[in-house]
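**Student:** Take this structure, written in C-alpha cells, and hold onto it; I'll ask about it next.
The values are calculated or read from the model by the stated rules, or taken from the named source; none is laboratory data. Keep in mind that this is a model prediction, so the values were computed, not measured. When we count neighbours, we look across all protein chains shown, and the Cβ atoms used for this are built from the backbone with ideal geometry, even at glycine. Note: areas computed on protein heavy atoms with side chains; ligands, DNA, RNA excluded. Shrake-Rupley method; radii C 1.70, N 1.55, O 1.52, S 1.80 Å.
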Amino acid sequence: MKRQLTAFVCLLLGLVAAAKTHAPSATQTPNIPTIYVDANGVMRWSDTKQEASFYGVNYTVPFAHAYRAISYLGLDRKAAIDKDVYHFARLGFNAYRIHIWDVEISDEKGNLVENDHLELLDYLIAKLRERDIRVVITAQTNFGNGYPERNQPTGGFSYLYDKCDVHANPEAIAAQERYIAALVKHVNPYTGQAYLSDPYIVGFEINNEPCHSGTVAATKAYIDRMLGALKKAGNRKPVFYNVSHNQEVVEAYYQTAVQGTTYQWYPTGLVAGRTRTGNFLPNVDNYHIPFNQVKGFAQKARLVYEFDPADVLYSYLYPAMARTFRSTGFQWITQFAYDPIDMAWANTEYQTHFLNLAYTPGKAISMKIAAEVARNVKRGESFGSYPADTLFGAFRVSYTQDLSEMNSGEKFYHSNHTTTQPVSPQELQSVAGCGNSPIVRYEGTGAYFIDRLESGVWRLEVMPDAVVVNDPFAKPSLKREVVRTLYGTWDMTLRLPDLGDSFTVTALNEGNSYNKEDSYQNAATQGTIKALKPGVYLLQRQGVKPSHTWQAESQWQHIRLKEYVAPAPAPSSSPAASASTGTGISPATAYNVMHQPAQVAEAGQTLILQAEIAGQPQPDSVIIYTDKISFWNDRNPHIRMTRTEGYTYTATIPGDEVKRGIFRYNMVVCRDNEQQTFPGGTSGNPLDWDYATDNYFTTKVVVPGSPVTLFTVTDDWSGVEQYAMPEWCRMQRRVENDSPAERSALYFSFESSEENPRFFLRKDIKQAVSNRPEAISKATHLCVMLKQAPRQLSIGFLTADGFTYTVSAPGDTMLRIPLTDLKQTATALLPHPYPVFLKKYFEPDIQLPFKISRIEQLEISFDGAKGEKAEIGLENIWLE
C-alpha cells in the first residue's frame, strides 16, 4: 500500500509538472516522441526539444457526404481509407486534421455514440500511425452533415441549437462538456489507446469555426468551461482554439489557457461555380494578422486548420502559401480537403476544393513540394515581397509556367514541364513530377515518383494519366465526371547518372504484366523504358550488385515496394462514364473532347485549334469539318488534327478559310467504325444523311486592324464579376434595352451599409485578346461607352504579372483614355480572401512599366456612400 501511495504521489507530481510546461503526459506511450508547446508558443518534440513542423490535409471519409457517397458507389470505406492514406505517405504529408461532425457521434444530451462513424475514425487514425502521420482532432463542428446534400436527422445535440447559440446556451454547453470529455477518453480499439493518450494525436481543437455573438467575458467563460471538461477527463495534450472568426472578442482567446490558436486561409474566395484563372501570387504574398499585438499572442502556437486556393486547377500556389505560412510563424498547416480517390472523379464532396493524386496530379505534386517548404523554411523566415519571393531557398513558383519546383542537391520535384537543370544530378535521391524535365521525358499526364533505394537501384511509381473532361468546380453530381484517368502506355526516358543508360525494369505491383508482354520490356536501352504502363517498378543498373535483396514485399520508409494505388483500369474509369454515355456510343469507344474555341480571330490569319481528347485507345483520327460541308457534295473539305503530346491534338486552319463573320466547325473523333461529333459527343458524322444535330464550335472573325472588343452586352452578364469593399453589400445586375433603336446596356447596382465602400467590376479578357497580338501592340486608347456613370471612376487592367494599372476618369458616358495615362496602383485582392481580417490590397514594392501585351483582366472601380445606391450602366469597352 505504501509503495502504491508513493507511486501515486510521484505520478501526481509528474502530471502537475507536465501541466505547467504543457509537456506530454506520463500516461502516453513511452519512446514515441510527442508534441508540447513551450512558454514562447513554439511546438516542440518531447525527445529532442527541437521545433516541430507539420504539413498535410483534412480528409472526411468517416463522416458526412464522403461517408454516404462511398456507400452510394457500393464501395468499402476502410479500403478507401487504406488507398488514400498510402497517397498521403507518397506525398510526404506528416499531418492530418479533421473536424468531427458531432451530430453523427452524439445524442441530444451530448453522450458519445460509438457507431460506424467513430469506428472508421479509429481505423483512420490507426492507419495514419502506420505512416507516421500526426493528428489534430477538432472535436465538434456544431452544424449539419448534409452538404452538398440535405442534412440527415441523427439526434445529435447540435441540431437542437442555432450555430451562434450553441456556445452560449447553458444546456448546449453542458452537452458539449459531456461530449468532449467522452471523446478524448474514447479508447481506439485499433491502437488500444485513448485519444488523450495516443502519442500520434498532437492535440485537440475545441470546435470548428465557432460563432461567439456575446461579450469577451462570455466567450472566455465558454472556453474555460471546455478546458475544464478536458482537464477533468485527464487530457494533458495541447488544446487549440479558432481565432480567425469573431474578431470583436479576439482578446478572450488570449486570456484563456489554450496552448495554440488556429487560422484558415482561402485567398481566392470560395464557391465560384467555375474554374478561376489568373495570377494569384499577389493574393498569397502575405498573411497579416492585425491582432498580433494582443497580450498573450506570442505565447500561443499557431496552426492552420484549413487552407486552399479554391476553384483553381493551377499547380503553382501551394508552395507559395506554405512559404507565407512559415514566414508568419505557423507550425501546423493542413489543406481542406483531400478528395477520396473513389469519388474524386466527380469532385462532389466540396465542389470549391479539388485535390487528389490520381485526378489532380500537378496540384498533388505541388502539395508534395509545399510539404518540403514547411520542413525547410524556418519559422519566421522572410523572402521579401512578390515577385522577389517567387524564388525562396530551393524552391520556385511561376504563374506563367503554372509551375512549382524544388531543386536541392538530393531532391528534384516539379509540378509541370520544366527546363530547369538539377543542381547536382549525381546526388539525387528522389525525383517526382508531372511532365518533362532534363531528368525525365514522358508524354503521360499522371504523376511519377523515382526514389533511390541504394546505389544503382531505384523504385519507379507511375500514376495513370489524368485528363479534365468537365469543369471540376461547377455544380457537383455523381452523374458527372470531371476528370478521367486513362492507362496510357508511353515511353519514359530517364537521365539519372546513378542509374545509367542501361538498366533492368521489373514490375512489382500486383496484376502488372509489363515484363510478360514483350521480351524487350525487362531492360531499358539508352535510358528509355519502352511502352511503360502505370504501376510500380524496380530499376537496377546493369552490373550493379545490391547490398540488399529488394523484393515486392520489402519495406522502404513508410511503404512496401509493391504498394500501388490508382483507379482501376477500365475503358472509362469513373462509374459515371462507365454507365451509358447517352450518345449512342458504347463506353468502350466513348471519347470526351475538351476544347475552348477562340473568342475572336482575324480574317485571313491562320487559326490554331487545340483540344484534349480523353479516351482509350487513342482515336484513329480526329477531323475538323466547317459548316460549309454538305451531304450532297462529292468532296467536302476537312482538316486532320495531329496529336502533339499525350492527349493534346492541334490543327491549323489556313487563313483563306478564316473569313469575316462567324467561323463554325465540328470535331469528329474516329475509332474503328464509330464516330463522335463535338460539341455534344453525338454519335455519327455531320456528313451522315440522318445527322440531325446543329451544334458547332464558333469563333467571331473580325477584320485586321479593327478595334479590340473587351466588353459587349450579352444576356449572360458578359462574364463580368462584381465586388464591394468591404465585402457585405447588396448587389444586383440587369440588362436593359428600352427600344429597338437603342443599344443594350448592362447595369450593376450596389448598396452598402458600410462606411466609405468601394465597388469593383472585373472581366477576364485574356481570351478576347490572345489572337490579336498585332492589333493589341498598335492600340493607343482605351474606349468606354456608358449608359450611366458614377461621378468618378477608375478603369484599367490587371496583367499576367499580377499588377494593376488604372487611370482615374470623370464619369462621362463616353471616355477615350490614352494608354500612356495608366499608372501602376495597388491590386485589390478579389475575390475576397478569408478570413475577413486579411489585407484587401496588395501594395507592390517595385514599379513595373505597363505592357499592353500582358493584360488579362479589365477592372472598373468607383466609390460609394453608406446607405446610398450606386449604379453603373455599361454599353461597350474596346481598344483602338
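**Student:** Return the sequence-ordered ³J(HN,Hα) values of the range 601-606 in whole Hz as given by the Karplus equation 6.51 cos²θ - 1.76 cosθ + 1.60 applied to θ = phi - 60°, using x for Gly and Pro.
**Tutor:** 9, 9, 4, x, 9, 4
**Student:** Calculate one ³J(HN,Hα) per residue across the range 676-688 by plugging θ = phi - 60° into the Karplus curve 6.51 cos²θ - 1.76 cosθ + 1.60, and present them in order as whole Hz with x for glycine and proline.
**Tutor:** In residue order, the calculated couplings are 10, 10, 10, x, x, x, 6, 5, x, 10, x, 8, 5 Hz.
**Student:** Can you tell me which lysines have their Cα less than 30 Å from the Cα of residue 533? Leave out same-chain residues fewer than eight positions away.
**Tutor:** Reachable lysines: 78, 83, 127, 363, 368, 411, 479, 516, 545, 562.
**Student:** In addition: Keeping to pairs on different chains or 8 or more places apart, tell me how many lysine pairs in the range 724-880 have Cα atoms under 27 Å apart.
**Tutor:** Qualifying lysine pairs in the range 724-880: 28.
**Student:** May I pose another question? Given the pairs 185/237; 49/295; 237/300, which span a C-alpha to C-alpha distance of over 18 angstrom in this model?
**Tutor:** Going by Cα-Cα distance, 49/295 fall outside the 18 Å limit.
**Student:** Below 8 Å between Cα atoms, with a sequence gap of 6+, how large is the relative contact order for the chain in percent?
**Tutor:** 9 percent
**Student:** By DSSP, what percent of the beta bridges with both residues in the range 392-435 are antiparallel, rounded to the nearest 5?
**Tutor:** Antiparallel bridges: around 65 percent, rounded to the nearest 5.
**Student:** For the chain, what does -39500 (n - 2.57) per DSSP helix run (n ≥ 4), summed and divided by total residues, give at 222 nm, in deg cm²/dmol to the nearest 500?
**Tutor:** Values: 13 runs with 142 residues, N = 880.
Dividing the helical sum by the residues of the chain leaves -5000 deg cm²/dmol.
**Student:** Calculated FRET efficiency, residue 515 and residue 554, Cβ-Cβ r, R0 22 Å, to nearest 0.05?
**Tutor:** Efficiency, rounded to the nearest 0.05: 0.80.
**Student:** Which whole-number percent gives the relative contact order of the range 430-494, counting Cα pairs below 8 Å spaced six or more residues apart?
**Tutor:** The value is 32 percent.
**Student:** As an exercise, use a Förster radius of 35 Å and the Cβ-Cβ distance of residue 695 and residue 568 to find the FRET efficiency, rounded to the nearest 0.05.
**Tutor:** 0.60
**Student:** With no solvent and one point on each alpha carbon, what is the Debye value of log10 I(q)/I(0) for the range 84-151 at q = 0.13 Å⁻¹?
**Tutor:** Values, matching the q order: -0.45.
**Student:** Over the Cα atoms of the range 721-833, Rg to Rh with Kirkwood Rh, two decimal places?
**Tutor:** Ratio of gyration radius to Kirkwood radius: 0.97.
**Student:** I would also like to ask the following. From a point 7 Å beyond the Cα of residue 821 in the direction of its Cβ, which residues of the range 691-716 have a backbone N at a distance under 19 Å?
**Tutor:** Only 708, 710-711 fall inside the zone, counting backbone N under 19 Å.
**Student:** Follow-up question, since we're still on this one. Just tell me which aspartates and glutamates come within less than 17 Å, Cα to Cα, of residue 231; anything on the same chain fewer than 8 places away is out.
**Tutor:** 177, 198, 205
**Student:** Still on this structure: Take peptides 625-634, 267-276 and line them up by average Cβ neighbours within 10 Å, highest first, as a rough protection proxy.
**Tutor:** Details: 625-634: 12.4, 267-276: 17.0.
By packing density, highest mean first, the sequence is 267-276, 625-634.
**Student:** Need one number for the range 533-573: average projected area of the convex hull over its C-alpha atoms, nm².
**Tutor:** Computing the convex hull of the Cα atoms and averaging its projections yields 4.1 nm².
**Student:** Let me ask you something else. Would you kindly state how much longer the chain becomes between residue 808 and residue 257 on full extension, computed as 0.36 nm times their sequence separation minus their alpha carbon distance, in nm to one decimal?
**Tutor:** Taking 0.36 nm per residue and subtracting the Cα distance, the gain is 193.3 nm.
**Student:** Still on this structure, I have one more. To the nearest 0.05, how large is the calculated FRET efficiency for residue 247 and residue 79 if R₀ is 51 Å and r is the Cβ-Cβ distance?
**Tutor:** The computed FRET efficiency comes out at 0.75.
**Student:** I've got another one for you. Between residue 493 and residue 531, what is the label-to-label distance in nm when each label sits 7 Å out along the Cα-to-Cβ direction?
**Tutor:** Each label point is offset 7 Å from its Cα along the Cβ direction, giving 2.0 nm.
**Student:** Under a point spin-label approximation (7 Å from Cα along Cα-to-Cβ), what is the residue 39-residue 382 distance to one decimal in nm?
**Tutor:** 2.7 nm
**Student:** Using alpha carbon centroids, what distance separates the range 57-127 and the range 486-536, in Å?
**Tutor:** Cα centroid of the range 57-127 versus Cα centroid of the range 486-536: 36 Å apart.
**Student:** Would you pull out the residues with amide H under 5 Å of residue 194's amide H, same chain only if 5 or more places away, H placed 1.01 Å from N?
**Tutor:** Amide H neighbours of residue 194, under 5 Å, 5+ apart: 188.
**Student:** What full-extension length gain, to one decimal in nm, is calculated for residue 150 and residue 644 as 0.36 nm per residue of separation minus the Cα-Cα distance?
**Tutor:** This chain segment gains 173.3 nm when fully extended.
**Student:** Moving on to the next point. I'd like to check one number: the per residue accessible area of the chain, probe 1.4 Å, reported in Å² as a whole number.
**Tutor:** Values: 35270 Å² over 880 residues.
So the chain comes to 40 Å² accessible per residue, rounded to a whole number.
**Student:** Report Rg (one decimal) and Dmax (nearest whole number) for the range 264-352, counting Cα atoms only, units Å.
**Tutor:** Rg and Dmax of the range 264-352, Cα atoms, are 14.8, 47 Å.
**Student:** How big is the gap, in Å, between the Cα center of the range 686-714 and the Cα center of the range 165-180?
**Tutor:** Using only Cα atoms, the two centres lie 61 Å from each other.
**Student:** Then there is this: Restricting things to Cα coordinates, could you compute the convex hull volume per residue of the range 380-482 in Å³? Show your work: numbers first, answer last.
**Tutor:** Details: hull volume 17.8 nm³, N = 103.
Hull volume over Cα atoms, normalised by residue count, gives 173 Å³.
**Student:** Using a 1.4 Å probe on the protein heavy atoms, what percent of the accessible area of the chain belongs to carbon and sulfur?
**Tutor:** 49 percent
**Student:** With a bin width of 10 angstrom, please list the P(r) values of the range 634-714 as percents of all Cα-Cα pairs, from the 0 bin to the one holding the largest distance.
**Tutor:** Binned Cα distances yield the sequence 13, 38, 32, 14, 2.
**Student:** Which number comes out as Rg/Rh for the chain once both Rg and the Kirkwood Rh are worked out on C-alpha atoms?
**Tutor:** 0.98
**Student:** Just round it to a whole percent: the fraction of Cα-Cα distances in the range 601-656 exceeding 13 Å.
**Tutor:** On the way: 1008 of 1540 pairs.
The proportion of pairs with Cα distances above 13 Å equals 65 percent.
**Student:** In nm, what is the difference between 0.36 nm times the number of residues separating residue 868 and residue 734 and their Cα-Cα distance?
**Tutor:** 46.4 nm
**Student:** Given contacts defined as C-alpha pairs under 8 Å and at least six residues apart, what's the relative contact order of the range 691-767, whole-number percent?
**Tutor:** RCO, the range 691-767: 31 percent.
**Student:** If each of residue 190 and residue 421 carries a label point 7 Å out from its Cα toward its Cβ, how far apart are those two points in nm?
**Tutor:** Rounded to a tenth, the inter-label distance reads 4.8 nm.
**Student:** Taking every pair of distinct Cα atoms and averaging 1/r, then inverting, what Kirkwood hydrodynamic radius in Å comes out for the range 788-880?
**Tutor:** 14.7 Å
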